[in-house]
Amino acid sequence: MRRTPTAPDDLELPDYVRQSLGRRQSLVLDHGFDEATIGTTWWDRELTRHGASATVQMTDHKLTRSDLFRLGHDAAADPTDDDALLALLWNTLAWGTGRSQRGNRRRIDAVLDPERREHNVALLQTAAASARDGQPAEAYRALVRRGGTAIRGLGPAFFTKFLYFASEGTPGTRCLILDARVAHNLARDAGWRSLPHRGNNYSYNWYTDTYVSYCELLERWAAEESSDRDIEISPDEIERALFADEVLE
């Protein structure tokens, strides 16, 4: 039987992560990129070409996590509003890709393929609803498939961002971003050696149980740090610091 790797119980929070915690507003909510990095002209052109109504939605010429949480809230307000749901997806991709736009045209084409659009939107709706309900297993499972993903080009490194921005304020376990860099640093610095990888490449379609274990691990670490400091520490502060791979100033 194939073993599904979950986080060992004895993993320790790396010191550089611990030293970065306690400043969620500045290091998480304000974390974003300017118009030149996002490529707003590129996104406006491509979305217009596809007949989509969404645009990149910035505050003071910067797209931040706070902006994306607001879009996630808008999508949750009316689950039948396809435009709001897709606006969250496009802005998440813009925030997560940066200047290269690598793969984004292919992702837009795949999501809006006339023969698949209705099906794809339904998958995104199911995933977002599960994320908002604090059910990361159901949310992740909706968008991953054995040997691939449910929507072509939209792998876990990107769709976990979508799930994360859809799950702010959930009463349950929130979805968190998991990408190759975070996974690599978890293995190297925290000791989670069983995380699936090929050589030094941690870009992977992780098992659903692995993703849930990751979300629960960061939730546990955040709860422990909150208790020790007597202030609220959020799991996404840990994700942000793990990605940075250094003490955040």
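Taking a ≥ b ≥ c as the square roots of the eigenvalues of the alpha carbon gyration tensor, region 197-249 is oblate, as a/c is not under 1.5 and a/b does not beat b/c. Cut-off 10 angstrom, C-alpha nodes, Gaussian network model of the chain. Which of ARG174, ARG24, ARG105 fluctuates the most? Its mean-square fluctuation being the largest, the pick is ARG105. Considering helices alone, the calculated mean residue ellipticity of the chain at 222 nm is -15500 deg cm²/dmol, with DSSP H runs of length four and up weighted by -39500 (n - 2.57) and normalised per residue.
Karplus-based coupling profile of region 64-79, in residue order and whole Hz: 10, 4, 4, 4, 6, 4, 5, 5, x, 5, 4, 5, 6, 4, 9, x, with θ = phi - 60° in 6.51 cos²θ - 1.76 cosθ + 1.60 and x standing for Gly or Pro. Mean-square fluctuations from a GNM of the chain, with a 10 angstrom spring cutoff on Cα atoms, peak among THR149, THR55, THR80 at THR80. Near the amide H of THR149, within less than 5 Å, lie no amide hydrogens of residues on another chain or at least 5 residues away, with H placed in the peptide plane.
Would you mind getting the accessible area per residue of the chain, heavy atoms of the protein chains only, 1.4 Å probe, in Å²?
Working: 11720 Å² over 249 residues.
Using a 1.4 Å probe on heavy atoms only, each residue of the chain averages 47 Å².
Phi angles of region 118-134 translate, via the Karplus equation with coefficients 6.51, -1.76, 1.60 and θ = phi - 60°, into HN-Hα couplings of 4, 5, 5, 4, 5, 4, 5, 4, 4, 5, 5, 5, 5, 4, 5, 7, x Hz per residue; Gly and Pro are given as x. Highest mobility in the GNM of the chain, judged by mean-square fluctuation with C-alpha springs under 10 Å and restricted to ASP44, ASP15, ASP60, is found for ASP60. Just round it to a whole percent: the fraction of Cα-Cα distances in region 106-249 exceeding 28 Å. So the portion of pairs separated by more than 28 Å is 20 percent. Calculated on C-alpha atoms, the gyration radius of the chain divided by its Kirkwood radius gives an Rg/Rh of 0.95. With the full set of protein chains in place, find how many percent of the accessible area of the chain is carbon and sulfur; take the probe as 1.4 Å. The C+S portion of the solvent-accessible surface of the chain is 45 percent.
Please compute the contact order of region 15-244 in relative form: average sequence separation of alpha-carbon pairs under 8 Å and at least six residues apart, divided by the residue count, as a percent.
Normalised by residue count, the contact order of region 15-244 is 20 percent.
Using θ = phi - 60° in the Karplus curve 6.51 cos²θ - 1.76 cosθ + 1.60, the 3J(HN,Hα) couplings for region 211-222 round to 4, 4, 4, 4, 4, 5, 4, 5, 5, 5, 4, 5 Hz; x is entered for Gly and Pro.
The values are calculated or read from the model by the stated rules, or taken from the named source; none is laboratory data. What you see is a predicted model, and the numbers here were worked out from it, not measured in a lab. With ligands, DNA and RNA removed, areas are computed over all heavy atoms of the protein, side chains included. Shrake-Rupley method; radii C 1.70, N 1.55, O 1.52, S 1.80 Å.
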